[in-house]
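The values are calculated or read from the model by the stated rules, or taken from the named source; none is laboratory data. It should be emphasised that the depicted structure is a prediction, and the values quoted were computed from it without experimental measurement. Neighbour counts are summed over all protein chains in view; Cβ atoms, including those assigned to glycine, are modelled from backbone coordinates with ideal geometry. The accessibility values were calculated without ligands, DNA or RNA, using every heavy atom of the protein model including side chains. Shrake-Rupley method; radii C 1.70, N 1.55, O 1.52, S 1.80 Å.
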Amino acid sequence: MIVAKTIREVREHVAQWKREGYTVGLVPTMGYLHEGHASLVDRARKTCGKVVASDFVNPTQFGPNEDLEAYPRDFSRDCALLEEHGCDLVFYPSVEEMYAPNAATYVEILSEMPKQLCGKTRPIHFRGVCTVVSKLFNIVQPDYAFFGQKDAQQLAIIRRIARDLSYGIEIIGCPIVREADGLAKSSRNTYLSPAERQAALVLSKAVFLGQEMVEKGIRDAKELLAAMTAVITAEPQARIDYVSAVDGETMQPVEEVRDGVLVAMAVYIGKTRLIDNFIVGGVR
Ligand code: PAF
């Protein structure tokens, strides 16, 4: 696997592959990889001739009081996982390589979409995500890009910028990967103490309950969210940021839970903010 630390190196390798007729898939990550990321690389491996992953903790998507400094990092472990799953190139830039000291250009969706759900408590988050993902799209120029459904709002937002800015890149959403007991895989799970790890199961329990209720035909969002909320509030270590049912494309709240509706939550377990969700009718 090639390790590229500069934009120039990435461009040279990708240009060569394109001359040779390969399709290129991009898996953007912030590192500290787990089986969720591995599933994205596997999907890219099946879909594309060449697979590029990026490993970059993007400072512009963290708010001033968030966990940028504490965010876990282990590049050699990441490389081992990427190589094992058949990644061809990992882009591992420094902050200076990605952002000039006077960088002042951002990509931002000017609608309600990034202000809902996670955007309510993380007001600059999606502007940072859109900016870094746009930069990665410009640097790698992939044919396909792969994102996890766990960050469902992020996935919807990236689909939107890819469309609005005519990137010509096919955005592929991949299902949530869970631990055996249901907890959605996340790099932030490493912050949890053993007791918090146990408490964190309320997120997946609420998701599974929500899915069961929908399968039984319950369509009233209020009823669904009340039952899911009750599961979470029964856990003393859990503090709800939001539990919401929204249109899967616009992120606007809905009253009726139909196919394509995103039922999503963010919950603090101690100081760790975790997210989980399901899409009615499955990932599209
Ligand atoms: O989902 C993530 O890990 C990040 O938000 C992304 C898409 C790699 C951008 O930094």
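One table, with the values for the structure above:
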item	result
Dipole of the chain, positive direction: furthest Cα of Ala206, Ala15, Ile275, with charges on the beta-carbon	Ala15
Ranking by accessible area, most exposed first, for Glu196, Glu9, Glu20, Glu84 with a 1.4 Å probe	Glu84, Glu20, Glu9, Glu196
The chain - accessible surface per residue (Å², probe 1.4 Å)	47
Residue-by-residue Karplus 3J(HN,Hα) for region 195-205, coefficients 6.51, -1.76, 1.60, Hz, glycine and proline x	5, 5, 4, 5, 5, 5, 5, 5, 5, 5, 4
At R0 = 22 Å, FRET efficiency that the Cβ-Cβ distance of Thr23 and Arg163 yields, to 0.05	0.65
Segment Glu83-Glu215, length gained on full extension (0.36 nm per residue, minus Cα span)	43.6 nm
Paramagnetic reach from Thr229 in region 249-272 [backbone N under 19 Å; point 7 Å along Cα→Cβ]	252-258, 262-269
Environment charge of Gly148, counting only residues whose C-beta is closer than 12 Å and scoring Lys/Arg +1, Asp/Glu -1	+1
Formal net charge of residues neighbouring Ala15 (Cβ-Cβ distance under 15 Å; K, R +1; D, E -1)	0
Alpha-carbon centroids, region 118-137 and region 46-116: separation in whole Å	11
For Ser193, solvent-accessible area (1.4 Å; no DNA, RNA or ligand), Å²	50
Proximal aspartates and glutamates to Lys18, defined as alpha-carbon separation beneath 19 angstrom and excluding residues fewer than eight positions away on the same chain	Glu9, Asp88, Asp143, Glu170
Accessible area of Thr23 in the full protein assembly, 1.4 Å probe (Å², nearest 10)	50
Which of Arg45, Arg8, Arg239 is most accessible, then next, and so on - probe 1.4 Å	Arg8, Arg239, Arg45
Phi-based couplings in Hz for region 18-23 (Karplus 6.51, -1.76, 1.60; Gly and Pro marked x)	5, 4, 7, x, 7, 8
Charge tally in the Cβ shell below 13 Å around Ile218, where Lys, Arg are +1 and Asp, Glu are -1, Ile218 excluded	-2
Residue-wise HN-Hα coupling along region 276-282, computed from phi with Karplus coefficients 6.51, -1.76, 1.60 (Hz; x: Gly, Pro)	7, 5, 9, 10, 5, x, x
